[in-house]
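> Pasting a structure here, questions to come.
Just so it is clear, none of the values below were taken in a lab; they were calculated from the coordinates. The structure presented is a predicted model; accordingly, all values stated were derived computationally and were not measured. Cβ placement follows ideal geometry from the backbone for every residue including glycine, while neighbour counts extend to all protein chains displayed.
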Amino acid sequence: MSSIPAISVVDVHKSFGPLAVLKGVSFDVPRGAVVSMIGASGSGKSTLLRCINHLETPSAGEIYIDGEPMHFRVAGDGRRLPRPIAEINRLRRDLGMVFQQFNLWPHMTVLGNVVEAPRRVRGLKRGEAAELALECLRRVHLLDKAEEYPARLSGGQQQRVAIARALAMQPKAMLFDEATSSLDPELTDEVLAVMRDLARDGTTMIVVTHEMRFAREVSDRVLFLHNGLIEEEGPPEEVFGAPRSERCRQFLSKYLQ
Amino acid sequence: MSGALAEALNPALFWEYREILLKGLAFNFYVFACAAAAALALGLGAALLRVNRWRPVRWAGTLHVEIFRNAPDYVMVVWVHFVLPLLLGLAIGQRLEFPPFLSAVIALGLVYSGYFAETFRAGIQSIPFGQIEAGRACGMPERLILWRIILPQVVRRMLPEAVNQFVSLFKATTIVSLIAVPDLMYQVSMVTQQEMRPLPLYTGAALTYFAIIFLASSLVRAGAERWRQKVYA
């Protein structure tokens, strides 16, 4: 059982009309591992991440969450049937997603944002959900802001609330979509610190990022995407230390000067 | 001239008939409340059609909005009361008649659902899409996203516009006397026929409507503003 990867991406393609964004991407994320995806804008990193939790539907290929296919199910007679949206929603609960733009719900307090999904989606009782939410807020060091509205928080604090909101679903893996890209440098660090803590605690994570130092330090594996394909992959010391592909070398040279 | 003004502003006659006039006013409120509920429900439905991903569904929503928003209140009230029962009666092969109150509620509910639909639609489309995706990413079904994330914000955003529409709707309830709903205007015209003193009666009715609308909309606006500030400060 433990040999089944937490997330398995198998030959995923995605096109928007005539534009092929992903052209056959495959990789596994073992349980407890941190996989970083780097690459230039438009290389398909975010699209790939969004395919994993079905915010985008792959044009071909399949994603497995703990061995369970995300987009189809196998009927009794062995035929593959597309999953109804209710089942996809059930699988999505296992994937916490953190967005570049935080996407908090502004009409709810911080606690309200974190409590919402455990309470309404997982059906926890009010007290249980609040307890869980407070524990998640403690992990992102925002217990004292529980009763504030998001508009009163800094960008870094908002992003940490978004992380707590995703954690509150007790997901099997966390997906970070450029979580620090819209933050000022001084606010980036507080978010990266929280992500570092999560990685240390053994959280399975896929991180799309432009923070090369963070990727190098935290990841077990790094994928470099180029033109919708994995151009290079390996442990961080290899990808950052001795990249084999010329494109990867060029890309990194811009960041590591 | 000043005699006429004094007569117009003399509240004695209005006061004398207060009981029957108040009953009439109650009908304005009944019609208003029922038509507002119908308009909100139909308006929300039409707005959801208007933002649906399938084009034919969107067209159906647009059709609803354009038909009812462009129908004058008066024409609609008369049409629903006199023509709609005939059409429905033909369809089911039976003579059909609507009570005036029902006709008034249907007609005004339909007309104002067109306005509310547009207000709802603008509100729904003003919610950043990322917030909806965040809900989906948490495994929330669309229905839950609508009720917990979209609508609470839409209601806050549309309140100032909705207050204006509620005011218009309340004003529009005065035309239901045309199909003999016994509202304030209907009672005033009845009393006028009896007393032959239109000046104080119609002036009294005008002042009553003004006072109610002014008070209610001021209160709602103040309350709505405080509510909005609490969250978006």
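> Calculated from DSSP H runs of 4 or more alone, at -39500 (n - 2.57) each and per residue, what is the 222 nm mean residue ellipticity of the protein assembly as shown, nearest 500? Don't skip to the answer; put the middle values down first.
On the way: 20 runs with 277 residues, N = 490.
Calculated mean residue ellipticity at 222 nm is -18000 deg cm²/dmol.
> Mind checking the full-extension length gain between A:Glu135 and A:Asp197? Use 0.36 nm per residue of separation minus the Cα-Cα distance, one decimal, nm. Spell out each step's value before the answer.
Values: separation 62, 0.36 × 62 = 22.32 nm, distance 1.44 nm.
The A:Glu135-A:Asp197 span can extend by a further 20.9 nm.
> State the Cα centre-to-centre distance between region B:94-163 and region A:180-257 in whole Å.
Cα centroid to Cα centroid, the span is 44 Å.
> Ranking B:Phe14, B:Phe116, B:Phe68 by Cβ neighbours within 10 Å, fewest first, what do you get?
Values: B:Phe14 19, B:Phe116 28, B:Phe68 22.
Placing the least packed residue first, the sequence is B:Phe14, B:Phe68, B:Phe116.
> Which of A:Asp184, A:Asp197, B:Asp73 comes first, and how do the rest follow, when ranked by fewest Cβ neighbours within 10 Å?
Details: A:Asp184 10, A:Asp197 13, B:Asp73 19.
Fewest to most other Cβ atoms nearby, the residues stand as A:Asp184, A:Asp197, B:Asp73.
> Oh, and also: Please give me, ordered by residue number, the trypsin sites (Lys or Arg not before Pro) of region A:95-158 that lie in loop per DSSP and have at most 14 other Cβ atoms within 10 Å.
Details: sites: A:Arg119, A:Arg120, A:Arg122, A:Lys125, A:Arg126, A:Arg138, A:Arg139, A:Lys145, A:Arg152; in loops: A:Arg122, A:Lys125.
Those satisfying the criteria are A:Lys125.
> Here's a follow-up. Considering every Cα-Cα pair within chain A, what fraction, in whole percent, is farther apart than 27 Å? Could you put the intermediate results ahead of the total?
Working: 12512 of 32896 pairs.
Value for chain A (Cα pairs over 27 Å): 38 percent.
> Shifting gears a bit: Identify all lysines with a Cα-Cα distance to A:Lys45 below 29 Å; exclude those on the same chain that are fewer than 8 residues away in sequence.
Hits, sequence-local ones excluded: A:Lys14, A:Lys23, A:Lys172, A:Lys254.
> Also, quick follow-up: If you wrap a convex hull around the alpha carbons of region B:20-135, what volume per residue comes out, as a whole number of Å³? Intermediate results must be reported in sequence, preceding the final value.
Numbers: hull volume 15.9 nm³, N = 116.
Looking at region B:20-135, the number lands at 137 Å³ per residue.
> I would also like to ask the following. Quick one: length gained pulling B:Val155 to B:Ser189 fully straight, 0.36 nm per residue minus the C-alpha distance? Numbers along the way, then the final one.
Details: separation 34, 0.36 × 34 = 12.24 nm, distance 3.83 nm.
Contour length minus the Cα-Cα distance gives 8.4 nm.
> At each listed q (0.08, 0.12 Å⁻¹), what is the log10 of I(q)/I(0) that the Debye formula gives for region B:2-232 modelled as equal alpha-carbon point scatterers?
At q = 0.08, 0.12 Å⁻¹ the computed log10 ratios are -0.40, -0.79.
> Continuing with this model, one more query. How tilted is helix B:18-50 with respect to the longest principal axis of chain B? Cα atoms for both, answer in degrees (0 to 90, nearest 10).
20
> I've got another one for you. Using only the alpha carbons of the protein assembly as shown, what is the convex hull's orientation-averaged projected area in square nanometres?
On the way: hull surface 135.2 nm².
The directionally averaged projection comes out at 33.8 nm².
> Share of Cα-Cα pairs in region A:104-174 beyond 18 Å, in percent?
Values: 662 of 2485 pairs.
Value for region A:104-174 (Cα pairs over 18 Å): 27 percent.
> How much length is gained on full extension from B:Phe214 to B:Asn164, taking 0.36 nm per residue of separation minus their Cα-Cα distance? Don't skip to the end; give the middle numbers.
Values: separation 50, 0.36 × 50 = 18.00 nm, distance 1.12 nm.
Here the segment from B:Phe214 to B:Asn164 would lengthen by 16.9 nm.
> Then there's this: Can you give the three extents of the C-alpha atoms in region A:62-150 along their principal axes, from longest to shortest, in whole Å?
Its Cα atoms span 54, 30, 23 Å along the three principal axes.
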